[in-house]
Amino acid sequence: MTAGWLLAGASAALVTAGALAWRWARASVAATLAACGAAAAAALWTLTGAGTWDWQPGLALGGQPIHLQLDPMSAFFLALLATVGGAGSWFARGYWSDRERGSSAARGRLWWAAFLLSVGWLLLTRNGLHFLLGWELLAITAYFLITLDRRDPEARAAGWLYLAASHTATLSLFLFFAALASRTGTWELGPVRDPAVAPLFWLALIGFGIKGAVWPGHVWLPSAHASAPSHVSALLSGVAIKIGMYGLFRFSEWLPLPAQAGWVVLGLGLASGVLGVAFALAQHDLKRLLAYHSVENIGIILIGLGFAILARQYGQPAWGNLVLAGGLLHVWNHGLFKSLLFLGAGSVHHATGTRIMSQLGGLWRSMPWTASFFALGAMAIAGLPPLNGFVSEILIYVGLFDAFASGHPAYAAVGSAVLLGLTGALALACFSKVVGVVFLGAPRTAAAAHAHEAGPEQRTAMAVLAGLCVIIGLLPAGAWPLVAMVAAQWQGQPVQNTPLLLTYLGSLHLALGCAGVAAAALLMARLRRVGVRRAPTWDCGYAAPQATMQYTAGSYAATMTGWFRWILRPQRHGEPVHGIFAQPTRVTEHTGETVMQLAVEPLARAVLLLGDLARRMQHGRVQAYVLYILVGVAFIAALALHGGAP
């Protein structure tokens, strides 16, 4: 069965899933899972070397001929869409059920199927006008998914902010595609060799960068990810922002690029990585923290892409192939472990009713499966071996070291490696905070004390994503052929053999995994043999320790967030403790959206002010309109005279 038949089956199954969403929930979910399976099979059909699928049926849409194509690049992202889409759909059965959510659950299934269809269309279409159509459908379906809970004012506000950001990106991409069509004479998309189109890359970078949550165009992401249902947050982080990365990878492959493109992409990647994790450290909301880590990981992907562009400019395909493969693999890795973390956060929220970390604690005892899956995802996102996050990051590191050894962008390679290491260290500190505050210690509230484990659908979805994180980590050489094919297409080079690094790394990871399992088995056997002795913990001299004596999310990270006070600009509320016999007090610290408050909101107010001034000029008095015309003509005449002066 070819990719075309599989894709046709996937499309039909998604349409069926949407049609069944209102009355037959199980059948709708089953159709969605079937569609995801068919799409994944079609993607693997292409990635395993079966060839590119190309379909031109002779039909038109909006006056433009339909042209769909599945090549290694689009297949790579399509497989991720199918994986995260299937896991999230199954998770939602228990998390966002009809029994608890009523009609909202049915709407969610409908918009979920529509979202998957729109993203699939984006990945397959080879027409700029049709790409914009899919882009708008993606924005609309994501908006309705974010605002599934219509009663939540935060969700409604987040949805509107997402729409505003999406349409800003759409405006930039419309200019990009229109200018590209004007230059090439067609809306058809494909490789272009005319160097005159190189400056158009900046429009693509703005449009795709906003969708991909590249700093500082990330302003829509924290509120959207935090306010949306958690399975939607997983889809937004695992898939939606990756469409921005798909656009950058795709058009940096197809178009000639400006000389500064690699440096700009690299700079944006470094800024996104470091500042994303800095803002994550300052968060108290669990899902908001995860949202900022999406910005951080998009930065890691952009570091790989930026250095790959530089490698192409310097004629260094060897180390360029490593950093490019690392960036591409991190697209998949981030999609897996971030979706896992959002699903884990959703299970916590479902069990406790809160996302505030300082109102949780001690959940490992009541939610052992969720806690274990979340901890595994935390290890993966922190880049710890033997999991998948370490594999993609080590490829980028080795590529940077090779770039330094080659003597080309040497200082940039060293600086990038240092900042990438700083990002990883801060991510590790951040997730040690999350796991410690949320799952360890004692429950801080009654809701945390009475939490319950996630349902079987939720646990199964998390187990699938966790298993893929482990498989890629233990068998990195098995993932290389799929990534190498996409990297070869981007570079225009033959597919590279599996690096010995990945073979040795796989052996090391397998040894570490076996050692970990053996150590855990020995520990469990010893505990069963000698039992567990319980005793009070050291209470610093207090006779009755309380849950309030534990570290909070803010106090745990206070030192590290202090390094970034210049950008975080935290606001402290309450009175600090004074005197020897101090009275009880409460101090809280809040970190706002700095870019939103200092840049976006003032700009929006200025635009609204200009709009109000322009509206006041529309008062219906004809003599005033004649005066406007005379002033305009005089201004144009003055410009013409000035231009003609010697």
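The values are calculated or read from the model by the stated rules, or taken from the named source; none is laboratory data. These numbers come from a predicted model, not from an experiment. Reconstructed Cβ throughout: ideal geometry from the backbone, glycine too, with neighbour counts over all protein chains shown.
Structure notes:
- Residue match in the range 93-111 (condition: closer than 30 Å to G327 by Cα and among the aliphatic types (A, V, I, L, M)): no
- Scanning the range 1-27 for residues that are small (G, A, S) and more than 16 Å from V119 (Cβ to Cβ) yields A3, G4, A8, G9, A12, A19, A21, A25, A27.
- Yes/no for G478 being assigned by TED's automatic domain parsing to the domain that holds L510, modelled with pLDDT under 90 and surrounded by fewer than 16 Cβ atoms within 10 Å (Cβ to Cβ): yes
- In the range 438-453, the residues that are crowded, with 20+ Cβ neighbours inside 10 Å, of a type in the set (A, V, I, L, M, F, W, C) and at pLDDT below 90: A448, A451
- Among the candidates V219, V265, V239, residue that is β-branched (V, I, T), touching an Asp or Glu at 6+ places or on another chain (Cβ under 7 Å) and either part of a helix (DSSP H, G or I) or modelled with pLDDT under 95 (or both): V219
- Of the numbered criteria (1) over 27 Å from the mean Cα position of the chain (by Cα); (2) within 15 Å of L387 (Cα to Cα), the one L468 fails is (1).
- Sole exception among (1) crowded, with 17+ Cβ neighbours inside 10 Å; (2) closer than 23 Å to I303 by Cβ for K433, by number: (2)
- On inspection, L527 fails the criterion of being part of a helix (DSSP H, G or I), out of contact with any Gly (no Cβ under 8 Å at 6 or more places or on another chain) and touching a residue at least 24 places away in the same chain (Cβ under 8 Å).
- Within the range 187-216, restricting attention to residues that are charged (D, E, K, R) and not in a loop (DSSP other than H, G, I, E, B), the residue that is surrounded by the fewest Cβ atoms within 10 Å (Cβ to Cβ) is E188.
- Breaking point among (1) modelled with pLDDT of 90 or more; (2) outside any helix (DSSP H, G or I), for G58: (1)
- When I303, I394 are checked against the criterion of being at pLDDT 90 or above, β-branched (V, I, T), surrounded by fewer than 24 Cβ atoms within 10 Å (Cβ to Cβ) and more than 29 Å from S89 (Cβ to Cβ), I394 stands alone in meeting it.
- The one condition in (1) in a helix (DSSP H, G or I); (2) more than 21 Å from I309 (Cβ to Cβ) that M485 fails to fulfil: (2)
- Pick from the range 1-30, criterion assigned to a loop (DSSP other than H, G, I, E, B) and closer than 20 Å to A42 by Cα, ranking: modelled with the highest pLDDT: T2
- All positions within the range 308-339 that are in contact with a Ser or Thr (Cβ under 7 Å, 6 or more places away or on another chain), farther than 24 Å from L376 by Cβ and at pLDDT 90 or above: I309
- Pairs are defined by a Cβ separation below 9 Å, a sequence spacing of at least 6 or placement on different chains, a first member in the range 193-211 that is free of Cβ contacts under 8 Å to residues at least 24 places away in the same chain, and a second member that is outside any helix (DSSP H, G or I) and surrounded by fewer than 22 Cβ atoms within 10 Å (Cβ to Cβ); the pairs so defined are A196/P256.
- Residues satisfying the stated conditions in the range 14-50, i.e. buried (at least 21 other Cβ atoms within 10 Å of the Cβ) and more than 18 Å from F76 (Cα to Cα): L14, A17, L20, A21, S28, V29, A31, T32
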